[in-house]
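The values are calculated or read from the model by the stated rules, or taken from the named source; none is laboratory data. Since the model is a prediction, treat every value here as computed from it, not as a measurement. In this analysis, Cβ positions are derived from the backbone assuming ideal geometry, glycine residues included, and neighbour counts consider all displayed protein chains. Accessible surface areas use protein heavy atoms only, side chains included; no ligands, DNA or RNA. Shrake-Rupley method; radii C 1.70, N 1.55, O 1.52, S 1.80 Å.
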Amino acid sequence: MSALAAPVRGSAARDPRQVARSAGLSTEEAQRRLEQYGPNAVPEPKRHPWRVLAAKFWAPVPWMLEATVILQLALGKWDEAVVIAALLVLNALLSFVQEARADRALMLLRQRLSVTARALRDGRWQTLGAEQVVPGDVVHIRLGDLVPADLRLADGEVLLDQSALTGESLPVEAGAGAAAYAGAVVRRGEATGEVTATGVRTYFGKTADLVRTAKTESHLARLIMTIVKYLIALDAVLVLALFAYAIVTGLPLHDLLPFALVLLVASVPVALPATFTLATAFGAQELAGRGVLVTRLSAIEEAAAMDVLASDKTGTLTQNRLSLAAVHPRAPFTADALLRLAAVASDEATQDPIDLAILTAARERHLLDDAPARSGFVPFDPHTKRSEALFESGEMRRVVKGAPPAVAALVPGASVDAEVAALAAGGWRVLAVAAGDATRLELAGLVALEDPIRQDAPALIDRLRTLGVRIVMVTGDGLATARSVAEKLGLGTRACPPQTLAAPEGDPAAECDVFAHVLPEDKFRLVRALQHAGHVTGMTGDGVNDAPALKQAEVGVAVASATDVAKAAASLVLTRPGLADMVAAIETSRRIYRRMLTYTLNKIVKTLEIAVFLAVGVMATGTFVITPLLMVLLLFANDFVTMAIATDNAPTSARPTRWDVRTLVLTASVLAVAILLLSFSLLYIARNVLHLPLGEQQTLVFLMLVFSGQGVVYLVREHGHFWASRPSLWLAVASAADIAIVSALAINGVLMAAVSPMLVAGLLGAVALYLALLDFGKVRVFRTLGLG
């Protein structure tokens, strides 16, 4: 027997019969116990801030800079060592502060995704945050729930999946008197029980963490790092060439070593973690204000490439407000008798929309004023496709309600196909009801329910189409009902059964507009089939059995009515009914894509420019065209603005966007060659026309690299001409401040040889004019290579 099947040791739980008759705790008593036992949560382990800050100095990039500081100290260059060390500390502090802000933002979002529980307080059922549950509370659990605390069940029967707790794959049955432990998943049934332990006092000392923000590296980060590896390889070749040149010409190696080390550092994307975290965190906060909670930041970039969205019908494309449309009794049953039986086989505690619609209609006709007491109830099970109730009316009676084929199969000789087809053709959801005794059932008739489409759904589908996203509807309804609803939504009329997915080849999105008769496990197969066909796939879901599909999809979307398990598996959680907020998610993700595309192009161009210019410059002139100190200063001056790209007013692409490394590198290389022409021309003028001293030449080269670096950001942020859109205020201010600060340092001779203000102004004007002219060529390059 599993350890979890044993009773809770030391439990003070009451007799199950007492729990069943309980009115629950009062609000005052619950508050007293909350103060006594604390919240039903386990504090997450947090690293001390000092340890987090110290970790910023323990990574490849800091190691290189630290080695440079040591080399400068060994060479007696104390001023340069102090400045490089100060810049290293400043970068660590900036990264620390930005990550802390992002963590706080994510914590606020995660708090909005807490587990909920149904608790009996003050004699009525209430929905509470699981952290408010206290020992002694009476709670109700049902299909799809995570057990919020350790419970002793009082009534009902549930099938519990405890694999996340024990590793055992087989679920266990639990009924009255059995224990249900925090974190177990309810796979079937429902039950009521009393809380025996909460928080750190639960059997396993923890509650389920529903927001599992992915720690794996995103596709975008991997792509950028792949590019950077090639850039570092190019730098390594240039460094080897420099050492060979030094050996041949007698250039001092102790001067070349720090120069070469910092040249390698220049290829590393120092600002990548901070920029990507900022961009996605800002996007997550923006989406939270528009009804979309992000539980995995990398999903924001995946949504930019999504081209197919498989959407649930009920509650997503329809209003999820089922109402009685028609009642078709079979003799000798009357319409009222049929509806009364359907209500007996329904239960309000499940909060199932079908059950609620039937119960509402029955109450309106006063059919439940003298309803018989039930002696047993089995809620709807997706596998059997029916619910069942037992009650006494002179003798034991049995009522079954569910999908017509499933119910008809229990009644010998029953045939409902023609009648169901006629009702389903109107887009109605049809249920069959059968009643009888323990040995024989008789078909009582059919009940038709209507769930009108959401008024905004057709326009929303058209809007998603204009964004290049195709909607495929997924429903458990029959083919006729699914086809009718899909036609009303403007999706099309090609309805397919799930068996279509068995074909090894083919594109489900191209062949079908709607999938009918779909079970939750079929959704996983649908996602796999769409991905096999080359689609970046989104999937909506709300049930516990949807979790595998939500996890498999690049963009798993838990809708507003989703269970806790579905929310845990999804990467996006909608807080409002419908799919309107998905438009915001797609547009935001594509803006972030454009920002990171700007970052990536900018990084490649700058790295190629700096690496080739500095290395070739040394070999062409026999002198260092820039000092290691200025190179480090350049590294940080460029990265400050690079981080501001995360706030840019990037446009939204009209089509799904995917990364193409070859196109990126080729485009950046063309631009880098053009800017290298400018760099070498200005170096030639400084040396051979103006005859500036070496110190002033180095200052001029530093300024030129800063000015051109700023210009490249604005050159590549727009695929049309640079004036087509305004940059964000933060980006503009960062650029202006960067240029002003380095200009002031150069004019006043701080950390570098002083140059005249006229020379600085002339250089700035020359760079701006050249890049403005280059913009016309850039537009042609972008169009020719198909970027964007």
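Using a 1.4 Å probe on the protein heavy atoms, what percent of the accessible area of the range 484-563 belongs to carbon and sulfur?
It is 54 percent, rounded to a whole number.
Can you tell me the length gained on complete extension of the stretch Arg463 to Trp723, counting 0.36 nm per residue apart and subtracting the Cα distance?
Details: separation 260, 0.36 × 260 = 93.60 nm, distance 2.78 nm.
Here the answer is 90.8 nm.
Say a paramagnetic label sat at a point 7 Å from the Cα of Met396, along Cα to Cβ; which residues of the range 375-389 have their backbone N under 12 Å from it?
Inside the label zone: 375-376.
Full-extension gain between Tyr245 and Gln499, please, as 0.36 nm times their residue separation minus the C-alpha to C-alpha distance.
Residue separation times 0.36 nm, minus the Cα-Cα distance, leaves 84.6 nm.
Among 707-715, 48-56, 465-473, how do they line up from the highest to the lowest mean number of other beta-carbon atoms within 10 Å?
Ranked by mean Cβ neighbours within 10 Å, highest first: 707-715, 465-473, 48-56.
Could you pull out every residue, at least 5 positions away or on a different chain, whose amide H is within less than 5 Å of the one on Thr318? Hs are placed 1.01 Å off N in the peptide plane, and Pro or chain starts have none.
Arg454
Past 30 Å, Cα to Cα: identify those pairs from Lys385/Lys551; Lys56/Lys229; Lys313/Lys401; Lys56/Lys778; Lys401/Lys523; Lys313/Lys551, in the order given. Don't skip to the answer; put the middle values down first.
On the way: Lys385/Lys551 25 Å; Lys56/Lys229 21 Å; Lys313/Lys401 21 Å; Lys56/Lys778 37 Å; Lys401/Lys523 25 Å; Lys313/Lys551 20 Å.
Result: Lys56/Lys778 exceed 30 Å.
If I compute solvent accessible area with a 1.4 Å probe over the protein chains, what percent of it on the range 330-428 is carbon and sulfur?
Numbers: 2700 of 4930 Å².
Its accessible area is 55 percent carbon and sulfur atoms.
Would any residue of the range 441-461 have its amide N under 16 Å from a label point 7 Å out along Cα→Cβ of Ser415? List them or say none.
In the range 441-461, the label zone of Ser415 (backbone N under 16 Å from the point 7 Å along Cα→Cβ) covers 443.
If r is the Cβ-Cβ distance from Val661 to Trp58 and R0 is 22 Å, what FRET efficiency results, to the nearest 0.05?
Efficiency at R0 = 22 Å is approximately 0.15.
Compare the peptides 696-703, 580-587, 780-787, 332-339 by average per-residue count of other Cβ atoms within 10 angstrom and give them in order, highest first.
On the way: 696-703: 24.2, 580-587: 21.1, 780-787: 13.6, 332-339: 16.6.
Descending packing order for the listed peptides: 696-703, 580-587, 332-339, 780-787.
Please compute the net charge surrounding Gly402, taking Lys and Arg as +1 and Asp and Glu as -1 over other residues with Cβ under 10 Å from its Cβ.
My count for the surroundings of Gly402 gives +1.
In nm, give the distance between the simple-model label positions of Arg32 and Arg365, each being 7 Å from the Cα along the Cα-to-Cβ direction.
4.9 nm
Mind checking the full-extension length gain between Ala331 and Ala654? Use 0.36 nm per residue of separation minus the Cα-Cα distance, one decimal, nm.
Answer, rounded to one decimal: 110.5 nm.
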